[in-house]
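Inspection log for the structure reproduced underneath, given as structure tokens.
The values are calculated or read from the model by the stated rules, or taken from the named source; none is laboratory data. Since this is a predicted model, take the numbers as computed values, not measurements. No Cβ is skipped: glycine too gets one built from the backbone with ideal geometry, and neighbour counts run over all protein chains shown. Protein only, heavy atoms only, side chains kept; ligands, DNA and RNA dropped before computing areas. Shrake-Rupley method; radii C 1.70, N 1.55, O 1.52, S 1.80 Å.
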Amino acid sequence: MNGKFTDVMKAAKEEKKKPAKDERQKESSENIVNVCIKVPLSLRKRWTIEATTREVSLKELIIEAVEEYLIE
């Protein structure tokens, strides 16, 4: 299990090195700001794995989840 997790984490780190593709910023004239929250490391790891699985950035995954939650 540790080998798979390590592979996923390496892939996530490689993804971070790629330029961000934030379509929202391109389409919007709004300023982009930081939102900082503290979460358990285990939760962040789960999010990172899910983002890597979906082939999206962690930021995109979190924005999508928050937007979906607020719509319901």
Cut-off 14 Å between beta-carbons: net charge of the residues surrounding residue 5, Lys and Arg +1, Asp and Glu -1: +4
Total formal charge among the other residues, if their Cβ is under 14 angstrom from that of residue 36, Lys/Arg +1 and Asp/Glu -1: +3
Exposure ranking of 62, 71 by accessible area [1.4 Å probe, largest first]: 71, 62
Additional length obtainable on full extension of the chain from residue 13 to residue 58, 0.36 nm per residue less Cα span: 15.1 nm
Two-site FRET efficiency, residue 37 against residue 5, from Cβ-Cβ distance with R₀ of 22 Å, rounded to 0.05: 0.40
Residue-level accessible surface for residue 67, protein heavy atoms, 1.4 Å, Å²: 80 Å²
Extension gain, residue 47 back to residue 65 (0.36 nm per residue minus Cα-Cα distance, nm): 5.4 nm
